[in-house]
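Written below as structure tokens is the structure these notes are about.
Rule-based calculations on the coordinates, nothing more; no lab input. Everything numeric here is computed off the predicted structure, so don't read it as measured data. A quick note on method: Cβ atoms are made from the backbone with ideal geometry, for glycine too, and the neighbour counts reach across all protein chains shown.
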Amino acid sequence: MKQSHSFATGLIKAFCEAGTGLLVLDNPQRKNAVTAAMWRAIPDAIHWLHVDAGARVIVLTGGGHADFSAGADISEFTELRKDAATARIYEASNSRTFAAIREAPVPVIAAVRGICYGGGFGLAAAADLRLASSDAVFAVPAARLGLAYPADAIQDFVRGLGSQLARRALFTGAALKASELLASGFLSDVTGPEDLDQRAQVLADTIAANAPLSLRASKLALRAVEQGDDDLLREAEIIGASTFESADYREGRNAFAERRRPVFSGR
């Protein structure tokens, strides 16, 4: 059964079916620019998808089939980001959102088409896997606007782009093509615009069919290695060890012996 929920007065939409979640930035008339309300809502949407709807993987994309996101809604900056004090409050919300994607218990896939700028680029960078259509264009124009990108979110650009390309993106503000980011490893695949949704769906469904505890242990271990975090590594080790006592491990062994596809319960 397909479940759905909207957040931020409909600007964030969440759907889940058969363990595959979809989180849509649905502000297409503004190229899916992320308003302050949307920044606040995205962590809630991720929580709803994983906890309430039972998503085992989440696909993050833009509404309207034209753009992923033009980034933060600049029209709000006059009031919400007018000085250092208001900027700190605004950016704390941004940081919570990036962290919610980065630290989600389930894998997050960014499916990017069209414009992917600024905070939109940051959302994609925080994801675990990224696919893009051949017309996707990426940029971090903060330096051209006279502001600094949130410091704690820079880790996602370095992790995804590598040191040199992250510096180029941040220092120049220049646009990067999908083909460049595929070559750099930031993107795992580039498709024709008409194929992006299907390719993301196939990848998500493949992941959702696997054992949830195994996915969680792998995601934690990857984060631990990337961040050099010993506490995360110990947590990953504990969850990894628990898989050997799980019903899913028994199901995996039985399915292999019986030459059938396993049906995992997450227990």
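At a Förster distance of 25 Å, what's the computed FRET efficiency of Thr206 paired with Ala183, Cβ-Cβ distance as r, to 0.05?
Details: r = 24 Å, r/R0 = 0.96.
FRET efficiency, Thr206 to Ala183: 0.55.
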_Just to verify a number: FRET efficiency for Leu233 and Thr9, C-beta to C-beta distance, R0 = 30 Å, to 0.05?_
0.15
*Add +1 for every Lys or Arg and -1 for every Asp or Glu among the other residues with Cβ under 14 Å from the Cβ of Phe244, and state the total.*
-1
_Cα-centre dipole for the stretch 212-258 with unit charges at Cβ (Lys and Arg positive, Asp and Glu negative), debye to 20_ = 140
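Students often check this: by mean Cβ neighbours within 10 Å, which of 231-238, 7-14, 120-127 ranks highest, and how do the rest follow?
On the way: 231-238: 14.8, 7-14: 18.8, 120-127: 27.2.
Packing proxy ranking, top to bottom: 120-127, 7-14, 231-238.
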_Which one, Arg30, Arg223, Arg253, has the greatest fluctuation when you compute a Gaussian network model over the chain with C-alpha springs under 10 angstrom?_
Arg253
*Two-decimal Rg/Rh across the chain, once Rg and the Kirkwood Rh are taken from alpha-carbon atoms*: 0.98
_Cα→Cβ-extended label distance, 7 Å offset, between Glu76 and Ala257, nm_ = 5.5
*Using θ = phi - 60° and the Karplus relation 6.51 cos²θ - 1.76 cosθ + 1.60, list the HN-Hα couplings for the stretch 129-143 in order, rounded to whole Hz, with x at every Gly or Pro.*
10, 9, 10, 8, 7, 5, 8, 5, 10, 10, 6, 10, x, 3, 5
*asked:* Cut-off 10 angstrom, C-alpha nodes, Gaussian network model of the chain. Which of Ala178, Ala110, Ala85 fluctuates the most?
replied: Ala85
*Please name which of Ala241, Ser218, Gly252 has its Cα lying farthest along the dipole of the stretch 212-258 towards the positive end, using unit charges on Cβ (Lys, Arg +1; Asp, Glu -1) and the Cα centre as origin.*
Gly252
_Set of lysines with alpha-carbon distance to Lys31 below 30 Å, sequence-local pairs under 8 removed_ = Lys2, Lys13, Lys82, Lys177
_Whole-Hz ³J(HN,Hα) for each residue in the stretch 184-198, computed from phi via Karplus 6.51 cos²θ - 1.76 cosθ + 1.60 with θ = phi - 60°, x for glycine and proline: what do you get?_
7, x, 5, 9, 8, 6, 10, 10, x, x, 6, 9, 4, 4, 5
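Considering only DSSP beta bridges whose two residues both sit in the stretch 3-208, what percent are antiparallel, to the nearest 5? Write out the running numbers ahead of the final one.
Numbers: 13 of 34 bridges.
In the stretch 3-208, DSSP labels about 40 percent of beta bridges as antiparallel.
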